[in-house]
Amino acid sequence: SSGINAECPLRPGVRESSDEELRSQEEEGADLLGPKPTQRTIRCWLNNKKFYLVGIMYMFTRIAVNVPQVYLPLYLTSSLSLKKESIAYYPLMMLICSVIGSFLTRPLSKYIGKKGTYL
């Protein structure tokens, strides 16, 4: 429902390319891009150490994000004895702050560098 609501105002202003236009753009762009990259097989992916490192980092990132979201409502109501309204307010504030923080990362990394930004 929200996706349809977001798409409706944008749809009239977007012009879709025809199949002929897409084919001509692909032919023109093929010369600029050079040779096509080779496709990797499943065996190549499974032998690559970076594949596993990215998977492990992604898994720990998801755990670090999801565990506080699961336990926060329990902590607020049981341990801190806050009202039931706080179950909605605090996660909402966490979400808003994370969105604002993601927009501030790029300008902040220009001033103090990427390592300082992520610390």
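The values are calculated or read from the model by the stated rules, or taken from the named source; none is laboratory data. What you see is a predicted model; the values in this text were computed from it and never measured. Please note: Cβ atoms are built from the backbone with ideal geometry, for glycine as well, and neighbour counts cover all protein chains shown. Protein only, heavy atoms only, side chains kept; ligands, DNA and RNA dropped before computing areas. Shrake-Rupley method; radii C 1.70, N 1.55, O 1.52, S 1.80 Å.
Summary of values
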{"read-out": "Out-of-range pairs (alpha-carbon distance over 31 Å; input Lys83/Lys110; Lys83/Lys114; Lys50/Lys114; Lys84/Lys115; Lys49/Lys115)", "value": "Lys83/Lys110; Lys83/Lys114; Lys84/Lys115"}
{"read-out": "Estimated distance in nm for a label pair at Lys83 and Met59, the labels positioned 7 Å out from Cα along Cα-to-Cβ", "value": "4.3 nm"}
{"read-out": "For the range 91-119 versus the range 42-70, the gap between their alpha-carbon centres in whole angstrom", "value": "22 Å"}
{"read-out": "Whole-Hz couplings from phi, Karplus 6.51/-1.76/1.60, listed for the range 107-116; x for Gly and Pro", "value": "x, 5, 5, 5, 8, 10, x, 5, 5, x"}
{"read-out": "Residue order for Phe51, Phe103 - accessible surface, 1.4 angstrom probe, largest first", "value": "Phe103, Phe51"}
{"read-out": "Solvent-accessible ranking of Arg106, Arg40, Arg62, largest area first, probe 1.4 Å", "value": "Arg106, Arg40, Arg62"}
